[in-house]
Amino acid sequence: MHVDAAVSKTRNRGAAAAVCRDSNGDFIGSSALVVHGITDVPTLDAIACRGGLSLAQDLMIQNFVIASDSKQVVADIQKGSRGVYGSIISEIKQSMLAFNCLLTFEGRATNSDVDRLAKFAHSLDQGRHMWLDAPHDPFCIPL
C-alpha cells in the first residue's frame, strides 16, 4: 500500500491518496481524499497513512505494508508523537491494532502511481473517492 499527498497550487485544498497492490504488483484498489483548507504537506501525509488503513479495511485486507515517502511522518507515527497532527497519529495507532500492518519509509522512486493519483485528485470534488478492481485511469496507474 503506497500513500502520498499533494497540495493544489491554485486552490486552497489538498489530497491524500492510497494505492494498493498485491505481492505480485497487481492493482487491487485505490482511494483519494480531497480536503478543502488543509495545505500542510505533513498533515496531508499523515491523512494519507490513515487513508491507507481505511482502504485496507474496505478491501478486507489484514496483512500489508504501508509505504510513505515522508520520513518525518513515518517516524512521528512510529514514536506516537503529539505534534500538529497528533490527533491523526492517535487515530492511526488505534486503527493499526486491527491489522497485521507495517509502516515504512520508501523514497519517491517507488511511489509514482500514488503520486500521480494524489495530483489528479485535485480535479475531483471534495470528499473520499475509491476505485476498486480498476484504477481511475489505467495509463496513470497501470494494472
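The values are calculated or read from the model by the stated rules, or taken from the named source; none is laboratory data. Because the structure is predicted, anything quoted here is derived from the model rather than measured. For neighbour counting, all protein chains shown are included, and Cβ atoms are generated from backbone atoms with ideal geometry for every residue, glycine included. Note: areas computed on protein heavy atoms with side chains; ligands, DNA, RNA excluded. Shrake-Rupley method; radii C 1.70, N 1.55, O 1.52, S 1.80 Å.
Filtered by the rule that a residue be open to solvent by 10 Å² or more (accessible area, probe 1.4 Å) and over 21 Å from PRO42 (Cβ atoms), segment 11-22 gives ARG21, ASP22. Within segment 70-103, the residues that satisfy the criterion of being of a type in the set (D, E, K, R) and more than 15 Å from THR43 (Cβ to Cβ) are LYS71, LYS79, LYS93.
Is it true that ASP22 is in contact (Cβ under 8 Å) with a residue 12 or more places away in the chain and of a type in the set (D, E, K, R)? It is false that ASP22 is in contact (Cβ under 8 Å) with a residue 12 or more places away in the chain and of a type in the set (D, E, K, R). Of the residues making up segment 45-73, those that are under 15 Å from ASP113 (Cα atoms) and aliphatic (A, V, I, L, M) are ALA48, ILE66, ALA67. Scanning segment 96-111 for residues being open to solvent by less than 50 Å² (accessible area, probe 1.4 Å) and more than 15 Å from ARG50 (Cβ to Cβ) gives a total of 3. Each residue in segment 20-55 was checked for being farther than 17 Å from SER123 by Cβ, among the hydrophobic types (A, V, I, L, M, F, W, C) and either within 9 Å of the chain's Cα centre (by Cα) or part of a helix (DSSP H, G or I) (or both), and 7 pass. Here LYS119 fulfils each of the conditions (1) open to solvent by less than 40 Å² (accessible area, probe 1.4 Å); (2) modelled with pLDDT under 95 apart from (1).
Residues in segment 60-95 that are in contact (Cβ under 8 Å) with a residue 40 or more places away in the chain, surrounded by fewer than 17 Cβ atoms within 10 Å (Cβ to Cβ) and either basic (Lys, Arg) or part of a helix (DSSP H, G or I) (or both): 1 in all. Can you tell me which residue within segment 23-37, out of those that are open to solvent by 30 Å² or more (accessible area, probe 1.4 Å) and polar (S, T, N, Q), is nearest to PRO138 (Cα to Cα)? Top of the filtered list is ASN24.
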